[in-house]
Amino acid sequence: MSTYTKNAKLNAWLDEMIALCNPDNVVIIDGSDEQIEALRAEACASGEMFKLNQEKLPGCYLHRTAVNDVARVEGRTFICTPTKEEAGPTNNWMDPNEMYAKLLALYKDSYKGRTMYVIPYSMSVVGSDFAKNGIELTDSIYVVLNMIIMTRVGTAVLDAMGENGDFIKGLHARADMDENNKYIVHFPQDNTIMSINSGYGGNVLLGKKCFALRIASYLGRNEGWMAEHMLILGIETPEGETKYVAAAFPSACGKTNLAMLIPPKSYTEKGYKVTCVGDDIAWIRIGKDGRLWACNPENGFFGVAPGTNVKSNPNALASTMSGTIFTNVVLNNADNTVWWEGLDKNPPVDAIDWKGRPWNGQESTEKGAHPNSRFTAPAKNCPCISPEFDNPDGVPLSAIIFGGRRAKTAPLVYQSFDWKHGTFVGSIMASETTAAASGAVGVVRRDPMAMLPFCGYNMGDYWAHWLKMGEVTPNLPKIFHVNWFRLTDEGKFMWPGFGDNFRVLEWILKRCEGKVDAVETAIGYVPNAEDINLEGLDYEIEAGRKFDINELKNILTVEKDYWLADFENIKEFYAKIGDTVPVELLKQYEDQLARLSAM
Ligand code: GTP
Ligand code: SPV
Ligand code: MN
């Protein structure tokens, strides 16, 4: 047996994977600055990455993926549990033995002429109670450098694993990038992830969606905790107190933006502040005090570039100013910097688009950056990163917020009646699809708890786990639902959104503290319009349109007909999940339908 590390299980697995993939070299990633520099230089020499203007953007690089490899591929993502029922009707499934046989043939000699990089990484603070270790094997330097930003990587992780410690196995190979043989596969019972024929984000940064959500949600159910597609933020009040909330929105529906928001001036002047604990994933456990405590297992942000600008999300923009890898954005030849739609109103004229073609932003009718182009930025770069970011205990949650992209139906904000009803609210979440996954954009689909593409087991069993957590947690957070995306008949966003979302967060916290009344409706508690503070919101949100209390009343209404139509769709969705839908949720469905019908 080889002696790459002092962990016997790891050495044995490495032997097996080396024999299978047949690399020319094996490199253990130790996380040192010298190694990172050498890898960057090698990637630039081979054309895999481009070094950007190091005066304006120190440590920043650009990467372009293959044009047919720009988002997660849900159709080729599999959960291979022993039975199909365990994976459930919302996941693709194949018999594990059949899938292993298929994949082993694809991986055979796939590293020939290449280097195998062995990435030891920890999700959460190395060695902490929350932490779980992983090893990702990859033949892509781009993946190595992204993992170094997104997770805690290197020798310290091997030390924490010791001679006998367990780890999640992840094998990634670019292979020949054959679309028809692209697979992102999870074997929850074996703690194993296998990804082949992709080089893009969530398909290949195996610590993220594959481990921290799909495998971790499965572990969480067995071990009594939760892995959720949620941002975590802190709200600091003028009195110096900080309250924490977690929020689940589907991909490209505003988590990074909410996680780093800057409150309106009228609030910052009084001393309110938002701090960011995480922007995509939360691991949640019951703390000694009986509350739910959340930590962000990641160490960086893999954020959507388009739409990020000094107004919408200055903190995200600041986070990308050093040590960042940009993927599929525009290269500005004039000063070797980057650009994307929505950054500013001055697209470069002498530029290269995300496909690598010459691009004139003043003349071209095509987008320069891909709608799902991204930045990979270190969390420590974020000006509002929470002082608790590295706290191994995480932070205690006052509220959990669900939300989606709904042109109609869902009001700006409402509160569920209790945890069971809140679980129902999460289970019926829906959103218009975005460019974060391949496929049609703008189609309404049900996306329970924003976990539809990320739940590592049967969705009905996952809902049961939510209900169970509600029973065993003595001091539960309150559950809310928000929708920043209501549209006018002309297709304009009604609510100003972004920093002004703080106004809604304030109402949510007041509800948690019992400081404000609400209107009891068929779907939950809705604010009295007067209780959402509109102070300072007297600017034009677009030419000729100001937001006022009448517009607010409009987006707070519960419209019976829309909701009844939605319930038809929910019925179909529940039928698809089938027998595993908890009886409690069926009861919640019936009760809410009765309340709506009686409106
Ligand atoms: P993932 O990284 O895919 O999980 O996405 P995310 O949930 O972090 O979404 P993100 O914050 O990156 O936002 C995605 C898109 O939604 C961007 O184009 C934002 O500009 C837009 N967006 C975010 N918040 C708001 C809002 O309050 N109102 C409106 N109208 N758009 C928003
Ligand atoms: C998402 O799609 O929810 C993301 C990006 O956060 S990815 O890492 O590709 O999943
Ligand atoms: Mn996400």
- Note on the structure: residue 422 meets each of (1) in the same structural domain as residue 233 (by TED's automatic domain parsing); (2) free of Cβ contacts under 8 Å to residues at least 60 places away in the same chain; (3) surrounded by fewer than 20 Cβ atoms within 10 Å (Cβ to Cβ) with one exception, condition (3)
- When every residue in the stretch 239-254 that is more than 9 Å from ligand 3 (Cβ to nearest atom) and among the hydroxyl-bearing types (Ser, Thr, Tyr) is compared, the one surrounded by the fewest Cβ atoms within 10 Å (Cβ to Cβ) is 242
- Note on the structure: Considering the stretch 40-68, residues that are aliphatic (A, V, I, L, M) and surrounded by fewer than 17 Cβ atoms within 10 Å (Cβ to Cβ), and then whichever is farthest from residue 179 (Cα to Cα), we arrive at 41
- Query: So, of the residues in the stretch 251-263 that are in a loop (DSSP other than H, G, I, E, B) and more than 7 Å from ligand 1 (Cβ to nearest atom), which turns out to be farthest from the chain's Cα centre (by Cα)?
  - Reply: 263
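Here's the yes/no breakdown for (1) within 16 Å of ligand 1 (Cβ to nearest atom); (2) among the aromatic types (Phe, Trp, Tyr); (3) closer than 26 Å to residue 293 by Cβ:
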{"position": "415", "(1), (2), (3)": "no, no, yes"}
{"position": "427", "(1), (2), (3)": "no, no, yes"}
{"position": "438", "(1), (2), (3)": "yes, no, no"}
{"position": "454", "(1), (2), (3)": "yes, yes, yes"}
{"position": "460", "(1), (2), (3)": "no, no, no"}
{"position": "463", "(1), (2), (3)": "no, yes, yes"}
{"position": "486", "(1), (2), (3)": "yes, no, no"}
{"position": "489", "(1), (2), (3)": "no, no, no"}
- Is there a residue being more than 20 Å from the chain's Cα centre (by Cα), touching a residue at least 12 places away in the same chain (Cβ under 8 Å) and either surrounded by fewer than 24 Cβ atoms within 10 Å (Cβ to Cβ) or outside the structural domain of residue 486 (by TED's automatic domain parsing) (or both) anywhere in the stretch 204-211? no
- What tally of residues in the stretch 293-330 results from selecting those that are under 19 Å from residue 212 (Cβ atoms) and under 17 Å from the mean Cα position of the chain (by Cα)? 11
- Task: Working only within the stretch 286-343, note down all residues that are assigned to a strand (DSSP E or B), over 25 Å from residue 125 (Cβ atoms) and within 16 Å of ligand 3 (Cβ to nearest atom).
- Result: 304, 327
- Top-ranked residue of the stretch 266-285 - restricted to ones that are assigned to a loop (DSSP other than H, G, I, E, B) and over 19 Å from residue 218 (Cα atoms), ranked as nearest to ligand 3 (Cβ to nearest atom): 279
- Note on the structure: Matching residues in the stretch 465-511 (under 27 Å from residue 227 (Cα atoms), in contact (Cβ under 8 Å) with a residue 40 or more places away in the chain and surrounded by fewer than 16 Cβ atoms within 10 Å (Cβ to Cβ)) number 3
- Would you please name the residue that is modelled with the highest pLDDT, looking only at residues in the stretch 409-432 that are small (Gly, Ala, Ser) and assigned to a loop (DSSP other than H, G, I, E, B)? 416
- Message: Residue pairs, Cβ under 7 Å, 6 or more apart or interchain, first in the stretch 442-464 and part of a helix (DSSP H, G or I) and within 16 Å of ligand 3 (Cβ to nearest atom), second among the charged types (D, E, K, R) and modelled with pLDDT of 95 or more. List them.
- Response: 449/228
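The values are calculated or read from the model by the stated rules, or taken from the named source; none is laboratory data. Small disclaimer: the values here were computed from a predicted structure and weren't measured. For neighbour counting, all protein chains shown are included, and Cβ atoms are generated from backbone atoms with ideal geometry for every residue, glycine included.
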